[in-house]
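Worksheet for the structure shown next.
The values are calculated or read from the model by the stated rules, or taken from the named source; none is laboratory data. Note that this is a predicted model, so its numbers are computed, not measured. With ideal geometry, Cβ positions are generated from the backbone for all residues, glycine too; neighbour counts draw on all protein chains shown.
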């Protein structure tokens with residue numbers, strides 16, 4: 001099995017040592033290099049071609065955000081995981097398409113999960129999206145029937161529509177939960193709902209669900225409506241406004 005290469009960028013040697021120790025304790029990864037500032041990070045990325053970058057935010061010269069912004073313009077940038085002592089840059093981190101945002105001291109379980117998420121993104125079918133192809137979200141179409149084209153930090157990810165379990169909006173981004181993991185998208189729920197009215201059902205102002213994963217609707221003792229998903233995938237809250245639509249959909253699925 002080919003190991004994924006990790007570059008560590010942090011101006012504190014002890015922090016780099018700790019991240020190296022954590023990363024190298026995981027058999028699927030190898031640390032290919034280190035950098036202590038933003039400029040060196042850019043040079044190391046160009047020379048070493050890492051799959052994943054563990055990036056601090058406050059560094060001499062170019063800080064982590066500036067470094068990530070420059071990397072995001074590359075045709076094939078590494079997946080970025082921020083590792084920082086500051087919790088007030090999380091929204092900016094996702095604007096530069098970071099995979100994860102970890103607070104120091106970084107825990108092994110949190111790093112393991114973030115690296116796995118980066119790995120899922122790296123292994124999906126990707127195509128580089130050129131500037132000439134980039135447009136508004138409304139203008140982006142599926143690249144072929146049954147697949148949704150989502151622009152990610154490494155190009156374009158193709159998601160099978162039938163594999164979408166649910167989509168949830170959080171501030172300006174929508175996370176698509178599907179059979180291969182999770183993908184952060186800049187599509188709006190309205191765009192997705194309009195494009196796939198037969199495959200995605202609105203159950204909340206913040207949530208669409210893939211109809212093939214709907215199992216049942218139940219009401220809790222405190223009056224909440226929950227939608228149970230198939231295959232033991234849990235339950236999602238249904239708003240009062242959308243409960244009748246969900247009931248109608250379920251009734252239409254009954255034989256006869």
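Key figures
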{"quantity": "Of all residues in the range 169-180 being in contact with a helix residue (DSSP H, G or I) (Cβ under 9 Å, 6 or more places away or on another chain) and farther than 18 Å from residue 230 by Cβ, the one that is surrounded by the fewest Cβ atoms within 10 Å (Cβ to Cβ)", "calculated": "171"}
{"quantity": "Verdict on residue 141 being touching a strand residue (DSSP E or B) at 6+ places or on another chain (Cβ under 9 Å), in the same structural domain as residue 187 (by TED's automatic domain parsing) and either modelled with pLDDT under 70 or assigned to a helix (DSSP H, G or I) (or both)", "calculated": "yes"}
{"quantity": "Filtered residue count, the range 205-228, keeping only those that are surrounded by 13 or more Cβ atoms within 10 Å (Cβ to Cβ) and within 21 Å of the chain's Cα centre (by Cα)", "calculated": "6"}
{"quantity": "Helices (runs of 4 or more DSSP H) lying entirely in the range 18-107 (those with 1 or more residues that are in contact with a helix residue (DSSP H, G or I) (Cβ under 7 Å, 6 or more places away or on another chain) and closer than 18 Å to residue 6 by Cβ)", "calculated": "38-48, 64-71"}
{"quantity": "Residue ID - surrounded by the fewest Cβ atoms within 10 Å (Cβ to Cβ), chosen from residues in the range 48-63 that are more than 11 Å from residue 35 (Cβ to Cβ) and touching a strand residue (DSSP E or B) at 6+ places or on another chain (Cβ under 8 Å)", "calculated": "49"}
{"quantity": "Pairs, first touching a residue at least 60 places away in the same chain (Cβ under 8 Å) in the range 88-113, second outside any loop (DSSP other than H, G, I, E, B), C-beta under 6 Å, six or more apart", "calculated": "106/83; 108/22; 111/22"}
{"quantity": "Residue in the range 28-38 that is under 17 Å from the mean Cα position of the chain (by Cα), crowded, with 18+ Cβ neighbours inside 10 Å and more than 18 Å from residue 184 (Cβ to Cβ) present", "calculated": "no"}
{"quantity": "From 184, 209, residue being part of a strand (DSSP E or B), touching a residue at least 60 places away in the same chain (Cβ under 8 Å), within 27 Å of residue 90 (Cα to Cα) and not assigned by TED's automatic domain parsing to the domain that holds residue 90", "calculated": "184"}
{"quantity": "Residue tally, condition part of a loop (DSSP other than H, G, I, E, B) and either in contact with a helix residue (DSSP H, G or I) (Cβ under 7 Å, 6 or more places away or on another chain) or not assigned by TED's automatic domain parsing to the domain that holds residue 164 (or both), over the range 214-253", "calculated": "1"}
